[in-house]
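Novice: Sharing a structure here in structure tokens format.
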Amino acid sequence: MWAELLPVGRSAASGGYRRFAWNSADAECRAWFEQQARDRGLTYELDRNGNQWAWLGDPHGQGAVVTGSHLDSVPDGGAYDGPLGVVSSFAALDELRARGAEFTKPLAIVNFGDEEGARFGVACIGSRLTAGLLSRRAAYELRDADGLRLPDAMEKAGYDPTAIGADEERLSRIGAFVELHVEQGRYLTEEQPVGVAGAIWPHGRWRFDFHGEANHAGTTRIEDRRDPMLTYANTVLAARKKAKLAGALATFGKVAVEPNGTNAIASLVRGWLDSRAADERTLTELVAEIERAAAERGERDGVRVELTRESYTPVVDFDGPLRDRLAKLLDAPVLPTGAGHDAGILASAIPTAMLFVRNPTGVSHSPAEHAEEADCLAGVAALADVLEDLACQ
């Protein structure tokens, strides 16, 4: 399975992946998922939000145990973030069948759409829609870099966007969701390659619009310029400094410039801030301080600054009894995480938990992302143990 997925959406230039929602690579990944389901005799289903499901047992039964993750990527991302969870889910089912496990509850494997938010700017769109945390109206307003709306992209890819929205009936049938994911950090060791998630830091994405005045780079005096690039650059540095002082994280990882000419002073710079902290108060105060720094510098530069919050996820404490049950079953450490996941979104509606598989370098969202095969197999065995405990009692 892993070998089949590796070439899909991979850039020959960077070695990273460009599997974005509703593009051709995404379609190929989706076809792969459907084939894996049918090869195992599972009931394949596409829900109203474009998420894929593979069911063992009655899809309409109660108390279902669900596992899975996502197959999309960040721009030039690594191979493991998302796909490891999906591949491991199918492998864990194979392992349970080999053990002769007898299921007493329905089991499903899921591929949630657009988890990374690389195309439309909002993370976990598939699970957010399902949980009712993203409305149909708001989803319809999302546009990609080319100005194409989300529903139009879905329709172009052959899916019906008219039904998207909260899926309370589906969630009411799920007793637990467990997501396996490659570790995004370096807490785990060779002796302990699998861990259990404790909580997810609150995090969000904010768009800063720096409005200046376009002009000629070679003829405009320094004192006559209203250059938004200066304000943007200062804001990037201020964000780093203030985040470090607060013990938090702040990253400007995406930028767009207009008119984007080498010999032109920009009229507009858009910068996207990703910020995370251990608690919501720290995060709120940090973003407010970054906004103040931007506004103060903008006043000096003759630049108007606008801030728009594009997405926000509050602190997520995974279901305590489920978390403790898994940690005891696997004799595994409980770890914090600063990254968002579909499991974190669904935690608002159903009991959820996460397993992490050791990442020896800690690098993620990069082609250098990696997990050793032995650790991946340990993750499969751990997930199989969890599913057996939850779905075969």
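The values are calculated or read from the model by the stated rules, or taken from the named source; none is laboratory data. The structure displayed is predicted, hence computed values, not measured ones. Glycine gets a Cβ as well: all are built from the backbone with ideal geometry, and neighbour counts include every protein chain shown. Each accessible area value is taken on the protein alone, full model and side chains, heavy atoms only, with ligands, DNA and RNA left out. Shrake-Rupley method; radii C 1.70, N 1.55, O 1.52, S 1.80 Å.
Novice: Run Thr308 past the list (1) surrounded by 15 or more Cβ atoms within 10 Å (Cβ to Cβ); (2) part of a strand (DSSP E or B); (3) of a type in the set (Ser, Thr, Tyr) and report the number of the one that doesn't hold.
Specialist: Here Thr308 clears every test but (1).
Novice: Let me ask something else about it. Step by step: first the residues of region 209-241, then only those that are among the charged types (D, E, K, R) and open to solvent by less than 60 Å² (accessible area, probe 1.4 Å), then the one that is nearest to Glu310 (Cα to Cα). Which residue is that? Quick ask: steps written out before the conclusion?
Specialist: Within region 209-241, the subset among the charged types (D, E, K, R) is 209, 213, 221, 223-227, 240-241.
When the remaining residues are screened for being open to solvent by less than 60 Å² (accessible area, probe 1.4 Å), the result is 209, 227.
On the way: Asp209: 12, Asp227: 25 Å.
In this case the residue turns out to be Asp209.
Novice: Then there's this: Could you please find all residues in region 321-338 being open to solvent by 20 Å² or more (accessible area, probe 1.4 Å) and either closer than 24 Å to Leu171 by Cβ or in contact (Cβ under 8 Å) with a residue 12 or more places away in the chain (or both)? Give the steps one after another, and end with the answer.
Specialist: Going through region 321-338, the residues open to solvent by 20 Å² or more (accessible area, probe 1.4 Å) turn out to be 321, 323-325, 328-331, 333-334, 336, 338.
Of everything in region 321-338, those that are open to solvent by 20 Å² or more (accessible area, probe 1.4 Å) and either closer than 24 Å to Leu171 by Cβ or in contact (Cβ under 8 Å) with a residue 12 or more places away in the chain (or both) turn out to be Pro321, Arg323, Asp324, Arg325, Leu329, Leu330, Pro333, Val334, Pro336, Gly338.
Novice: Among the residues of region 64-87 satisfying the criterion of being over 13 Å from the mean Cα position of the chain (by Cα) and of a type in the set (A, V, I, L, M, F, W, C), which is surrounded by the fewest Cβ atoms within 10 Å (Cβ to Cβ)?
Specialist: Ala79
Novice: Continuing with this model, one more query. Here's a check for you: in region 1-43, which residue that is in contact with a strand residue (DSSP E or B) (Cβ under 7 Å, 6 or more places away or on another chain) and open to solvent by 50 Å² or more (accessible area, probe 1.4 Å) is farthest from Tyr159 (Cα to Cα)?
Specialist: Ranking the candidates gives Arg10 first.
Novice: For Lys328, which of the numbered conditions (1) assigned to a strand (DSSP E or B); (2) at pLDDT 95 or above fails to hold?
Specialist: Answer for Lys328: the failing condition is (1).
Novice: Here is a list: Ala139, Ala123. Which entry is at negative phi and either assigned to a loop (DSSP other than H, G, I, E, B) or within 15 Å of the chain's Cα centre (by Cα) (or both)? Even if it seems obvious, please write down each step before you answer.
Specialist: Values: Ala139 fails: either assigned to a loop (DSSP other than H, G, I, E, B) or within 15 Å of the chain's Cα centre (by Cα) (or both).
Of the residues listed, the single one that is at negative phi and either assigned to a loop (DSSP other than H, G, I, E, B) or within 15 Å of the chain's Cα centre (by Cα) (or both) is Ala123.
Novice: Which residues, taken from region 311-325, are aromatic (Phe, Trp, Tyr) and in a strand (DSSP E or B)?
Specialist: Looking only at region 311-325, we keep the residues that are aromatic (Phe, Trp, Tyr), and these are 312, 318.
Tyr312, the sole residue that qualifies.
Novice: How many residues are within 19 Å of Glu115 (Cβ to Cβ) and of a type outside the set (Lys, Arg) if we restrict to region 130-175?
Specialist: Count: 24.
Novice: Evaluate the following for Glu115: is it within 30 Å of Ala13 (Cβ to Cβ) and crowded, with 22+ Cβ neighbours inside 10 Å?
Specialist: On the way: within 30 Å of Ala13 (Cβ to Cβ): yes; crowded, with 22+ Cβ neighbours inside 10 Å: yes.
The answer is yes for Glu115.
Novice: Which residues, taken from region 223-233, are out of contact with any Gly (no Cβ under 9 Å at 6 or more places or on another chain) and within 17 Å of Arg207 (Cα to Cα)? Can you show your working first?
Specialist: Within region 223-233, the subset out of contact with any Gly (no Cβ under 9 Å at 6 or more places or on another chain) is 223-224, 233.
The answer is Ala233, and nothing else.
Novice: Inspect region 290-299 for any residue being touching a residue at least 60 places away in the same chain (Cβ under 8 Å), outside any helix (DSSP H, G or I) and over 17 Å from Gly204 (Cβ atoms) and give the result as yes or no.
Specialist: no
Novice: Which members of region 195-254 meet the condition of being under 19 Å from Glu285 (Cβ atoms), out of contact with any His (no Cβ under 9 Å at 6 or more places or on another chain) and touching a residue at least 60 places away in the same chain (Cβ under 8 Å)?
Specialist: Matches in region 195-254: Trp201, Pro202, His203, Gly204, Arg205, Trp206, Phe208, Thr235.
Novice: Among the residues of region 31-41, is there at least one that is within 21 Å of the chain's Cα centre (by Cα), closer than 19 Å to Gly85 by Cα, touching a residue at least 60 places away in the same chain (Cβ under 8 Å) and not in a loop (DSSP other than H, G, I, E, B)?
Specialist: yes
Novice: Yes or no: region 214-222 includes at least one residue that is within 28 Å of Ala250 (Cβ to Cβ) and either in contact with a Gly (Cβ under 6 Å, 6 or more places away or on another chain) or part of a strand (DSSP E or B) (or both).
Specialist: From region 214-222, those within 28 Å of Ala250 (Cβ to Cβ) are none; that's our starting set.
So far as region 214-222 goes, no, none of its residues is within 28 Å of Ala250 (Cβ to Cβ) and either in contact with a Gly (Cβ under 6 Å, 6 or more places away or on another chain) or part of a strand (DSSP E or B) (or both).
Novice: Does Ala250 count as open to solvent by less than 40 Å² (accessible area, probe 1.4 Å), in a strand (DSSP E or B) and at pLDDT 95 or above? It would help to see each step written out before you state the result.
Specialist: Values: open to solvent by less than 40 Å² (accessible area, probe 1.4 Å): yes; in a strand (DSSP E or B): yes; at pLDDT 95 or above: yes.
Spelling it out, Ala250 is indeed open to solvent by less than 40 Å² (accessible area, probe 1.4 Å), in a strand (DSSP E or B) and at pLDDT 95 or above.
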